[in-house]
Amino acid sequence: MSDDTAPNENPAKDPNEWVTGDEPMTGPQRSYLSTLAQEAGAEVPEQLTKAQASEMIDELQKTTGRGA
């Protein structure tokens with residue numbers, strides 16, 4: 001069996017496919033977004049879903065050079 005993921009690692013899943021993607025973003029997402037947005041000079045909309053927050057985190061990580 002050939003699997004590229006580590007045993008305890010979840011494979012990446014498109015945020016649009018998340019079962020809970022329509023729920024409000026979590027506290028940790030809000031906190032991390034705030035940090036990234038401050039570094040990038042961006043603003044974070046108040047009412048983001050988990051999926052939207054995840055996508056914005058990905059974008060801001062690219063902008064700031066943080067993260068994966």
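The values are calculated or read from the model by the stated rules, or taken from the named source; none is laboratory data. Only a predicted model underlies this, so the values are computations on that prediction, with no experimental measurement involved. Methodologically, a virtual Cβ is constructed for each residue, glycine included, from the backbone with ideal geometry; neighbour enumeration extends over all protein chains shown.
State whether one or more residues within region 12-21 are out of contact with any Leu (no Cβ under 9 Å at 6 or more places or on another chain) and part of a strand (DSSP E or B). No, that holds for no residue.
Scan region 41-62 residue by residue and report those that are in a helix (DSSP H, G or I) and free of Cβ contacts under 8 Å to residues at least 24 places away in the same chain. Before you say what the answer is, go through the steps one by one.
Filtering region 41-62 for residues in a helix (DSSP H, G or I) gives 50-62.
Across region 41-62, the qualifying residues are MET56, ASP58, GLU59, LYS62.
The set of residues from region 13-35 being under 18 Å from ARG66 (Cα atoms) and either under 11 Å from the mean Cα position of the chain (by Cα) or modelled with pLDDT under 80 (or both) comprises PRO28, GLN29, ARG30, TYR32, LEU33.
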